[in-house]
Amino acid sequence: MRCDPFSRCHPAVNFAFFAVAIVLSVIMVHPVYLAVSVICAVLYYIALKGHKAWKVIGAMIPLFFVVTVLNSLFNSMGDTVLFTLFTRPVTYESLVYGACIAAMLVAVLLWFLCYGIVMTSDKFTSLFANVIPALSLILVMVLRLVPAYGKKAKQIAGARQCIGKSGSGTKRERLQGGVTVLSALTDWALEGSVMTADSMRARGYGAGKRTTFQIYRFTMHDGVITVLLLLFAAVTITAIATGAAQADFLPSLHIAALRGTLSICGVIAWGLFLLLPTFLHLREVILWHNLIYNI
């Protein structure tokens, strides 16, 4: 992950931002609000991953079209029939609805990818250790299983290659090699779980109330960002509550027009809310380049 100023904020600020961004992206089906969410998610993911982000973003494009087409094929509701395919009518309303559902899916997936980069396991533990200590520990341990097991499987396969047992050759030899790696990985996992349980018991886990060490402090910078996020979120939620983001697709299409001060302010506030992490990132990049240029 690149050096990201929003990632250095307090875990509560990070978690609150992604919670609001994901929940509102799921609730709202207005095309303009969804388009803003997708664009902002793409920009922030590029800011976090750099050129590596384009591979994931490229995979989202066919996903968008597949979800749109599938919804149009399986959902024949709608007043405006465009054409008939395999005796099923394809309507304009179902096509627009499918595009909005696909945009919502893409936006949520991208925000979850950004969440996984910013909200590391230590941040999650620090944030929820005092509230739900057992659950936070379980979640952290579960989230690290897949990358830990993948890394260990590569190590076992590499060690077998060093002794001439790469598992290549016939299908039977490859299958035997895979079973051997899986068996060794299972033994390692069971042994690790026993050692972890013994270590936790020796350290007195569960014997009484636990205290946690906090390395994160809520600073003035975090307070300013929190106030801005709350302000933008409040304006957006107010616009949603008043029907500015209302959209009905079936059986007829009725999408709230962006007219009036509240509707326009709602879209602007939604965009500013989602763009704040990207703005902080670009601000630091520009500042860094200026400092290097002045040396």
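Descriptive notes on the structure:
- With loop membership from DSSP and a limit of 11 other Cβ atoms within 10 Å, the longest segment of the chain without chymotrypsin sites (Phe, Trp or Tyr not before Pro) is 87-212.
- Each label point was placed 7 Å from the Cα along the Cα-to-Cβ direction; for residue 63 and residue 246 their separation is 3.2 nm.
- Under 16 Å from the residue 155 label point (7 Å along Cα→beta-carbon), backbone N, region 177-203: 181-196
- Viscosity 0.890 mPa s, temperature 25 °C, Stokes-Einstein D of region 1-130 from Kirkwood C-alpha radius, µm²/s: 151 µm²/s
- At an R0 of 30 angstrom, the distance between the Cβ atoms of residue 238 and residue 112 translates into a FRET efficiency of 0.70.
- Under the span-like rule (Cα at least 30 Å along the axis, Kyte-Doolittle mean at least 0.5), DSSP H helices of the chain: 53-74, 92-118, 220-241, 261-294
- The alpha-carbon positions of region 35-85 define a convex hull whose volume is 95 Å³ per residue.
- The trypsin sites (Lys or Arg not before Pro) of region 191-295 that DSSP puts in a loop, and whose beta carbon has at most 10 other beta carbons within 10 Å, are 203, 209, 217, 259.
- Reciprocal of mean inverse Cα separation for region 145-295 (Kirkwood radius, Å): 22.7 Å
- One quarter of the convex hull surface built on the alpha carbon atoms of region 251-295 amounts to 5.1 nm², the projected area averaged over directions.
- Springs join every pair of Cα atoms under 10 Å in this Gaussian network model of the chain, and among 103, 157, 16 the largest mean-square fluctuation is at 157.
- Region 268-287 and region 242-261 have their alpha-carbon centroids 28 Å apart.
- Evaluated with a Cβ-only charge set (Lys, Arg +1; Asp, Glu -1), the chain carries a dipole of roughly 1180 debye about its Cα centre, given to the nearest 20.
- Surface share of carbon and sulfur [accessible, 1.4 angstrom probe, percent] for the chain: 70 percent
- Using a Förster distance of 35 Å, the FRET efficiency for residue 163-residue 8 (Cβ separation, nearest 0.05): 0.20
- Space enclosed by the convex hull of the alpha-carbon atoms of the chain, per residue, Å³: 244 Å³
- Pairs of Lys residues in the chain that lie 8 or more places apart, or on two chains, and have C-alpha atoms under 28 angstrom apart add up to 22.
- Selected from 261, 230, 192, residue furthest toward positive end of dipole (region 168-295; charges at beta carbon): 192
- Among 198, 222, 248: highest mean-square fluctuation, GNM of the chain, C-alpha pairs under 10 Å: 198
- Per residue accessible area of region 228-295, 1.4 Å probe, in Å²: 61 Å²
- Label-to-label distance, residue 55 versus residue 145, with points set 7 angstrom from Cα along the beta-carbon direction: 2.6 nm.
The values are calculated or read from the model by the stated rules, or taken from the named source; none is laboratory data. Model, not experiment: these values are computed from the prediction. Cβ: placed from backbone, ideal geometry, glycine included. Neighbour counts: every protein chain shown. Remember, those area values only see protein heavy atoms, side chains included, never the ligands or the DNA or RNA. Shrake-Rupley method; radii C 1.70, N 1.55, O 1.52, S 1.80 Å.
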